[in-house]
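The values are calculated or read from the model by the stated rules, or taken from the named source; none is laboratory data. These numbers were taken from a predicted model, which means no experiment stands behind them. Using ideal geometry, Cβ is built from the backbone for each residue, glycine included, and neighbour counts are taken over all protein chains shown.
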Amino acid sequence: MMKFYFSTSTCSTSCHIALEELSLEYTPIEVSWKRDQNVAELNKLNPLGAVPVLISSQGKTLTQNTAILEYLADQNPTAQLLAAHGTWERSETMSWVAFVASDLQKAFTPFFQAKDISQSETAQKEIKDFAAKKINSLLEHIEKNLAGKDYIMGNQFTIADAYLFTIIGWTKWVQISTLNFKNITNYMKRVYERPAVQSVLKKENMLDYLQ
Ligand SMILES: N[C@@H](CCC(=O)N[C@@H](CS)C(=O)NCC(=O)O)C(=O)O
């Protein structure tokens, strides 16, 4: 059986959602830095010390949200979380996955690390203002692309939604309101209400995820 290393309220929630949406069997292993829970084990598996980490049924180790999401989707193609190899639809879905990983998620880094970058409160505020501006421009891009759609690829929920939902949720923690974005607000509610998503949010104690 697969093993899944995750930490609550982090980007690993995206893979957790995919696992539940796909009805795959797995052993969840929670990592907590605060409680020093499974941290040494995680560091052995991933020298970068980051979640998510997936151990395949054959005992192989996979890191990085993008790779894990794709691998998981291919374990149960009938769930249609990712289209078949060689299709344009698959590449478009992966384009959104890449957008979330390398544009959206990374845009939050200055927010979370402002105190490590500078001790000056003025500088910290400038760093956060810069990050907020970038995040807002990315939210505008998402808002436009959700127009007339249930999910980012249209009617079908995909791995891109598992990841997009997870990272948009972080806006609440950095006091960036998404409520003026009508399409995003409706989208977040729609994804939140999916039974698999509810199950993960309960397990990760994150039922207050929506703005
Ligand atoms: N590029 C990595 C990013 C992973 C990452 O940043 N994980 C964070 C949680 S969102 C983490 O484990 N941080 C703990 C640390 O780096 O000490 C991926 O997509 O998996």
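Is region 86-96 home to any residue that is among the aromatic types (Phe, Trp, Tyr) and either surrounded by 19 or more Cβ atoms within 10 Å (Cβ to Cβ) or in contact with an Asp or Glu (Cβ under 7 Å, 6 or more places away or on another chain) (or both)?
Yes, because at least one residue in region 86-96 is among the aromatic types (Phe, Trp, Tyr) and either surrounded by 19 or more Cβ atoms within 10 Å (Cβ to Cβ) or in contact with an Asp or Glu (Cβ under 7 Å, 6 or more places away or on another chain) (or both).
Quick grid of which residues meet (1) touching a strand residue (DSSP E or B) at 6+ places or on another chain (Cβ under 9 Å); (2) within 12 Å of the ligand (Cβ to nearest atom); (3) farther than 29 Å from residue 145 by Cα; (4) touching a residue at least 24 places away in the same chain (Cβ under 8 Å):
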| residue | (1), (2), (3), (4) |
| --- | --- |
| 42 | yes, yes, yes, yes |
| 73 | no, no, no, yes |
| 77 | no, no, no, no |
| 81 | no, no, no, yes |
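Out of (1) farther than 26 Å from residue 9 by Cα; (2) in a loop (DSSP other than H, G, I, E, B), what's the single condition that is false for residue 47?
(1)
Just to verify a result, which residue in region 51-66, among those that are aliphatic (A, V, I, L, M) and more than 8 Å from the ligand (Cβ to nearest atom), is surrounded by the most Cβ atoms within 10 Å (Cβ to Cβ)?
Among them, the one singled out is 54.
Answer yes or no: is there a residue in region 88-95 that is modelled with pLDDT of 95 or more and within 13 Å of the ligand (Cβ to nearest atom).
Scanning region 88-95 turns up no residue that is modelled with pLDDT of 95 or more and within 13 Å of the ligand (Cβ to nearest atom).
Residues that are in the same structural domain as residue 158 (by TED's automatic domain parsing), within 13 Å of the ligand (Cβ to nearest atom) and either modelled with pLDDT of 95 or more or more than 17 Å from residue 157 (Cβ to Cβ) (or both): does region 122-131 have at least one?
no
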